[in-house]
Amino acid sequence: FIDAQLRDIQLLFRSAKQRRRDIRVKDVLDKVAKIYEQTIKKFKIDLEIESVGSPLVAKTTDAVLLQLMLNLFDNAVYWLESIDRPDKKIKLLLDGKEGHLIFSDNGPGIREDDAPYIFEPFYSGKGEEGRGLGLYIARQLLDRHDYSIELADIKANRLLPGANFLISFV
């Protein structure tokens with residue numbers, strides 16, 4: 001188990017040398033969910049992963065997807081840990097037809113006045129997710145591959161009442 005974890009994490013350090021290829025996003029997501037499995041149990045967080053349509057595929061590197069997922073899980077777990085509620089949740093929707101992923105939690109959410117700044121380096125507002133570099137790095141990595149990450153601003157893309165991110169692989 002530890003050997004497999006280390007091999008996955010080592011991909012982060014080799015990202016510049018990797019070639020882009022078609023990767024099923026769910027495969028990387030499953031690896032990251034396994035990394036966070038004990039933490040999620042410890043804080044009694046319910047993780048739900050749903051796929052619709054064909055498998056969601058991104059032409060990128062393992063390292064980009066791994067870093068993206070690690071950053072999103074890290075933020076969600078951090079903020080869910082900080083609140084006192086019995087029904088802590090992280091929900092992901094992978095939509096192969098639309099080519100996007102929605103990453104959602106029911107934490108405290110992102111304050112409206114923090115929203116324009118959460119993808120800035122070192123921004124650390126009092127709202128959810130703005131703790132430093134995670135979202136900035138995620139956006140920079142996705143931009144290099146002509147993909148995007150945004151706050152989900154329409155109701156159809158908001159799965160839970162906390163932070164909701166729309167990651168487009170189109």
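The values are calculated or read from the model by the stated rules, or taken from the named source; none is laboratory data. Note that the coordinates shown come from a computational prediction; the quantities given were computed from them, not determined experimentally. So basically every Cβ, Gly included, is an ideal-geometry build from the backbone, and we count neighbours across all protein chains shown. Just the protein is used for accessible areas: all its heavy atoms, side chains included, with ligands, DNA and RNA removed. Shrake-Rupley method; radii C 1.70, N 1.55, O 1.52, S 1.80 Å.
Can you find a residue in segment 66-80 that is within 21 Å of Leu159 (Cα to Cα), open to solvent by 90 Å² or more (accessible area, probe 1.4 Å) and either modelled with pLDDT of 95 or more or in a helix (DSSP H, G or I) (or both)? Checked against the condition, which is being within 21 Å of Leu159 (Cα to Cα), open to solvent by 90 Å² or more (accessible area, probe 1.4 Å) and either modelled with pLDDT of 95 or more or in a helix (DSSP H, G or I) (or both), segment 66-80 yields at least one hit. Within segment 87-103, the residues that satisfy the criterion of being over 18 Å from Glu37 (Cα atoms) and either of a type in the set (A, V, I, L, M, F, W, C) or more than 13 Å from the chain's Cα centre (by Cα) (or both) are Leu93, Leu94, Asp95, Gly96, Lys97, Glu98, Gly99, Leu101, Ile102.
Restricting the first member to segment 137-163 and to residues that are on the phi < 0 side of the Ramachandran plot and in contact (Cβ under 8 Å) with a residue 60 or more places away in the chain, and the second to residues that are hydrophobic (A, V, I, L, M, F, W, C) and surrounded by fewer than 16 Cβ atoms within 10 Å (Cβ to Cβ), the beta-carbon pairs closer than 8 Å and six or more apart or on different chains are Tyr147/Val170. Comparison of Lys31, Lys41 shows that the only residue that is loosely packed, with under 14 Cβ neighbours inside 10 Å and out of contact with any strand residue (DSSP E or B) (no Cβ under 6 Å at 6 or more places or on another chain) is Lys41. Restricting segment 137-165 to residues that are farther than 18 Å from Gly99 by Cβ and open to solvent by less than 30 Å² (accessible area, probe 1.4 Å) leaves a set whose member that is nearest to the chain's Cα centre (by Cα) is Ala163.
Let's see how each residue does on (1) of a type in the set (Lys, Arg); (2) in contact (Cβ under 8 Å) with a residue 24 or more places away in the chain; (3) in contact with a helix residue (DSSP H, G or I) (Cβ under 6 Å, 6 or more places away or on another chain); (4) on the phi > 0 side of the Ramachandran plot:
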site	(1), (2), (3), (4)
Ile40	no, yes, no, no
Pro55	no, yes, no, no
Ala58	no, yes, yes, no
Asn71	no, yes, yes, no
Ala76	no, yes, no, no
Leu93	no, yes, no, no
Lys97	yes, yes, no, no
Asp105	no, yes, yes, no
